[in-house]
Amino acid sequence: MDGSTRNVLAECERELRELRKAMGCTPERLVECPELMNVLQNSTGPGRSRTIQACIDALTDFVKRISDTKYREPLLVALHLDPVHEGDTLARRRGSYVAALRSSRSPLAADVRTIERRENRAIKAAVRLLLENREPADGGKLALAHAAGPSFSKDLAIEAISHVCRFSDTGAIVEQEVTRWVRAVVPLADPRILVANRYLAESRPGVLRMENLYGCRVIDQVEDPGGSILATVEILQQLRPEDGIYPFSCRLLIDSRIRSQPVLRWRPPFHHPKRIEFKLLFEPEMVPIRAWWFGATLDIEGQLEPARSEGRHLKLLHDGRYLYKVFDEQQLMPNHYYGIAWVWES
């Protein structure tokens, strides 16, 4: 195993350990694991789909190839790939699995710490299976470059991002405009960015559609059965580091009348941004009664209303029709979710 392969191995293991946290292996969380995505796309085989759902299916398949049940089952549970053990946190899924083993008096019964060690061992096994199965390139060597087709590139750093969300009179998000300011971190940076979106309130095909506004074009968007989309956005210039900042904007259209879950969040994918901005616009028929901002390591943490003494509640502008929050560079930390949550009037 050469040094490059060892680096890929270590990064995939790290990303897989992160992926099991929070909601587990969802489309929007998997896309935040670029090295793992790259390996999964290369493992799907020539002529096969390389969509986000195909990558999830491939990951499930490789975990299921682990021969020892003692290691295979805990990792499927941790990644939220076992439908028997549900839960929106890793602790809940592990707890469900541990309780099931104990109630069945299984010889595999163990405490949570032991289950975690088994997951870690399974992660190492699954990643090795993935690397062994990648398509050969360059005379049979492992392909270490980005996969063909849509790929999550580390070439463009997001310096700042702005989200403007408009809600309907039923409380459904009807559109979200996202403007990004990016810069190249390598010469002749890959101009493509992969963007994942999911509407939490409604899971069906056709609920989401993305379109370009300026400075870019949407060259591809694929949808999974639950209505999540993975879009490939290409900026209109191939940047070099000396070119500085490049702004571009897209619009996400949401076809729904179902009231949204009261949270909007974003997690920086790689590079440390300097500014994150949220603007939420509501109709007078459906406005928040309280709102707060958050920065949290787990996305569900942000939905827990803080005490007033923490100073994180937001002023309801224009009789509740407008919420606004800017996170500056001093507030931002790696691997955190940032956003606004609120309480709807019953």
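A few notes on this one:
- Taking a ≥ b ≥ c as the square roots of the Cα gyration tensor eigenvalues, region 157-344 comes out oblate, since a/c reaches at least 1.5 and a/b does not exceed b/c.
- Among T89, V195, M286 the positive-end extreme of the charge dipole of the chain (Cβ point charges): T89
- Protection proxy ranking, highest mean first, for peptides 99-109, 185-195: 185-195, 99-109, where packing is the per-residue count of other beta-carbon atoms within 10 Å, averaged.
- Residue-count net charge about A78 - beta-carbon cut-off 10 Å; Lys, Arg +1, Asp, Glu -1: +2
- Based on DSSP H segments of at least four residues, each scored -39500 (n - 2.57), the chain has a per-residue ellipticity at 222 nm of -8000 deg cm²/dmol.
- Paramagnetic reach from W344 in region 194-215 [backbone N under 17 Å; point 7 Å along Cα→Cβ]: 199-204
- Summarising the strand pairing of the chain, around 90 percent of its internal DSSP beta bridges are antiparallel.
- Candidates V63, V326, V31, ranked by Gaussian network fluctuation over the chain, Cα under 10 Å, top entry: V326
- Most fluctuating residue given options L90, L236, L16, as computed from a GNM of the chain linking Cα atoms under 10 Å: L236
- A Cβ-based charge dipole, computed about the Cα centre of the chain with Lys and Arg at +1 and Asp and Glu at -1, lands at about 960 debye.
- Lysine pair count for the chain with Cα-Cα distance under 23 Å and sequence separation of 8 or more or different chains is 13.
- Dipole axis of the chain (+1 Lys, Arg; -1 Asp, Glu on Cβ), positive-most option in S104, C33, S256: S104
- Sorted by Cβ neighbour density within 10 Å, fewest at the top, the residues M286, M333: M333, M286
- Gain on full stretching of the segment that runs from R14 to D88 - 0.36 nm per residue minus C-alpha separation: 24.6 nm
- Put the Cα centre of region 167-244 next to the Cα centre of region 256-318 and the gap is 20 Å.
- Cβ-based exposure ranking for S346, S228, in which fewest neighbours within 10 Å come first: S346, S228
Every read-out reported here was derived from the displayed coordinates using simple, explicitly stated rules and does not represent laboratory data. Quick caveat: nothing in here was measured; it's all calculated off a predicted structure. Cβ sites come from the backbone with ideal geometry, for glycine too, and all protein chains shown count toward neighbours.
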